[in-house]
Amino acid sequence: MKVTVYTTSTCPFSEQEKEYLQSRNVVFEEKNVESNRDFLNELLTVSNNFAGTPVTKIEKDDGKVLVLK
């Protein structure tokens, strides 16, 4: 399973989600959309043009992809 969390620096919900995942020992990749324009483009593609954060993409081992907004 691969987990990617799209965040911004000042979003309290992004911080809460990261803390939650860490408390459950879930390994994830954080992509801050403020610091990298490519990450913003990825976020918009993954989330079907939803521009809020956090957005979490979960790629399961069976190939299914879940996107949580």
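The values are calculated or read from the model by the stated rules, or taken from the named source; none is laboratory data. Worth saying up front: this structure is predicted, and the values here are computed from it rather than measured. When we count neighbours, we look across all protein chains shown, and the Cβ atoms used for this are built from the backbone with ideal geometry, even at glycine. Calculation scope for accessible area: heavy atoms of the full protein, side chains included, ligands and nucleic acids excluded. Shrake-Rupley method; radii C 1.70, N 1.55, O 1.52, S 1.80 Å.
For segment 11-41, a residue qualifies if it is among the acidic types (Asp, Glu), over 10 Å from the mean Cα position of the chain (by Cα) and closer than 22 Å to MET1 by Cα, and the qualifying residues are GLU15, GLU19. Tell me which of these LYS57 doesn't satisfy, since it passes every other one: (1) within 8 Å of the chain's Cα centre (by Cα); (2) part of a loop (DSSP other than H, G, I, E, B). Only one criterion is unmet by LYS57, namely (2).
Could you please find all residues in segment 2-18 being in contact with a strand residue (DSSP E or B) (Cβ under 7 Å, 6 or more places away or on another chain), modelled with pLDDT of 95 or more and open to solvent by 50 Å² or more (accessible area, probe 1.4 Å)? Spell out how you get there, then give the answer.
So in segment 2-18, the residues in contact with a strand residue (DSSP E or B) (Cβ under 7 Å, 6 or more places away or on another chain) come out as 2-9, 14, 17-18.
With the extra rule that they be modelled with pLDDT of 95 or more, the set shrinks to 2-8, 14, 17-18.
LYS2, the sole residue that qualifies.
Of the numbered criteria (1) open to solvent by less than 40 Å² (accessible area, probe 1.4 Å); (2) over 12 Å from VAL3 (Cβ atoms); (3) at pLDDT 95 or above, the one VAL55 fails is (2). Across segment 19-50, the number of residues qualifying as buried (at least 17 other Cβ atoms within 10 Å of the Cβ) and either touching a Ser or Thr at 6+ places or on another chain (Cβ under 7 Å) or assigned to a strand (DSSP E or B) (or both) comes to 3.
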